[in-house]
Amino acid sequence: MMDLDSQRMNNMFNTYSEAENYIGFYTRKNALDSYTALISNAKHKAGIPIMASINCYSDDQWIDFASVSQAAGADGLELNMFILPADPKMTGTDIESIYMKVAEKVTRSVSIPVALKIHHYFSGLSSFVTGLSGTGIKALVLFNRFYQPDVDLEREKITSGNIFSTPEENAMVIRWLSILSGKVSCDLAASTGIHSGEAVVKNLLVGANAVQVASVVYQQGTSVITSLVSYVNEWLDNHGYHSVSEITGKLRQADSLKPLAYERAQFMRYFSDAR
Ligand SMILES: Cc1cc2nc3c(=O)[nH]c(=O)nc-3n(C[C@H](O)[C@H](O)[C@H](O)COP(=O)(O)O)c2cc1C
């Protein structure tokens, strides 16, 4: 049975794809208009730089959204790219080349600094990230965190897992920051599992030039940012440092006397080492 709206649509459009194109255009235009209004308002009201964050599908959309965000007053742009390697017909190389192409095209189309936020589902992460860092982007954000699935055993259904991250999830970020810091030609920002001032300092020490927080702000409100910043300042004072740059990457693998310790993956000697 056809409802009234789809009948009306049938009268307006000859084919399904015509209708689909129109809806796509309409939704996109509306989304863009309200997003640019948000950027302009934020620029107007906030006394700090405003980063726009966009997620798109086609090359053209990435370029359009980037240019429009810049025109609306954004001081910087984060590309939130996530292609989950779920399609068996797409190779790792296919997926990686999409990231490279988008990063190259967008950085050429705007003059504001561009950061790229990625997930960690890449087979040759170090090599890929090093290549990405040379595309013109100013920073890589490690890592995006997806919606997490869970299983409801009673209803035998896929459900939503934890919306918010836990502090334990930061361990993977620490691993990769420490391995990649000093080897890539752009800044690194830490994201996922940063819930405390201690975590902020740890991420800076292993190589983050900036940290991002989302879950903890949803959970505790924006005042948590003041606590995080206070903790970092106090920690720096107590340890005799004058600025964040003095500790950035101090514990990264590239400068370590024991670089292999950073690649340790096995638990085998855990108990003997602990004694
Ligand atoms: C409720 C919620 C909404 C989010 N929305 C976006 C989004 O619109 N764009 C984006 O790039 N990331 C989004 N994220 C991901 C966060 O930016 C961040 O990468 C992720 O939550 C990991 O950081 P965290 O551990 O501090 O939460 C969202 C996260 C949460 C919890």
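Bear in mind these aren't lab numbers, they're just calculated from the coordinates by the rules spelled out. No experiment lies behind these values; they were computed from the predicted model shown. Virtual Cβ from ideal backbone geometry, glycine too; neighbours counted across all protein chains shown.
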Most mobile of 201, 151, 141 in a GNM of the chain (Cα contacts under 10 Å):
151
Order of 246, 78 - criterion: other Cβ atoms within 10 Å of each residue's Cβ, fewest first:
246, 78
Can you sort 122, 146, 65 so the residue with the fewest Cβ neighbours within 10 Å comes first?
146, 122, 65
Measuring from its Cα centre, segment 50-134 shows a charge dipole (+1 at each Lys and Arg Cβ, -1 at each Asp and Glu Cβ) which, in debye to the nearest 20, is 100
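Taking the beta-carbon count within 10 Å as an exposure proxy, list 192, 159 from fewest neighbours to most.
By the 10 Å Cβ count, ascending: 159, 192.
Kindly identify segment 39-169 as rounded, prolate or oblate by the Cα gyration tensor criterion: order the square roots of the eigenvalues as a ≥ b ≥ c, call it rounded if a/c is under 1.5, otherwise compare a/b with b/c, prolate if a/b is larger, else oblate. Show your work: numbers first, answer last.
Values: a/c = 2.05, a/b = 1.34, b/c = 1.53.
Verdict is oblate for segment 39-169.
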Scale the Cα Rg of segment 196-275 by the rule-of-thumb value 2.2 N^0.38 Å and send over the ratio, two decimals.
1.35
